[in-house]
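The values are calculated or read from the model by the stated rules, or taken from the named source; none is laboratory data. What you are looking at is a predicted structure, and each value in this text was computed from that prediction instead of being measured. Ideal geometry is used to build each Cβ from the backbone, glycine not excepted, and the neighbour counts take in all protein chains shown. Note: areas computed on protein heavy atoms with side chains; ligands, DNA, RNA excluded. Shrake-Rupley method; radii C 1.70, N 1.55, O 1.52, S 1.80 Å.
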Amino acid sequence: MNTTDYENIWKASLIHVTDEFTLPPVVLQAGEAIIGTLGNFSVSTGKAKAKKTFNVSAIVAAALVNGQVLEYRASFPECKRNILYFDTEQSHYHCQLVMQRILRLAEDYRLIESRNI
């Protein structure tokens, strides 16, 4: 790449206060609050022991079932349902516990939905 290529990339990435954008499709909500839109990357931060991992587990479970788990509701398009989950603060043991919790939450949702048929 040359200087002109970098300049073109830089110009194309500028956002002006007068630009108009539409809200991307909403894919994650907690009640009426929008917590995720299609194409955005999210990070959950907070104080230690603030239940971040539990909340993220419920969000991931909602995404897995593409429906509601606890207070979180997911509505991803079928072609956008892959989940990449990073947790940099957990050991292998605790990561496995989190995965088991996510699957348990997702399964609980599926059982509730099957009874409501």
When restricted to 29, 68, the only residue in contact with a Lys or Arg (Cβ under 7 Å, 6 or more places away or on another chain) and in contact (Cβ under 8 Å) with a residue 24 or more places away in the chain is 29
If you scan the range 59-102, which residues turn out to be under 11 Å from the mean Cα position of the chain (by Cα), farther than 14 Å from residue 36 by Cα and buried (at least 18 other Cβ atoms within 10 Å of the Cβ)?
-> 61, 64
So which of 27, 17 ends up being exposed (fewer than 15 other Cβ atoms within 10 Å of the Cβ) and hydrophobic (A, V, I, L, M, F, W, C)?
-> 17
Contacts under 6 angstrom Cβ, first residue in the range 79-107 being on the phi < 0 side of the Ramachandran plot and modelled with pLDDT of 90 or more, partner open to solvent by less than 80 Å² (accessible area, probe 1.4 Å) and not in a helix (DSSP H, G or I), 6 or more apart | 105/69
Would it be correct to say that residue 43 is open to solvent by less than 50 Å² (accessible area, probe 1.4 Å), closer than 22 Å to residue 24 by Cβ and among the β-branched types (Val, Ile, Thr)?
-> no
Which ones in the range 42-78 are modelled with pLDDT under 85 and polar (S, T, N, Q)?
-> 42, 44, 45
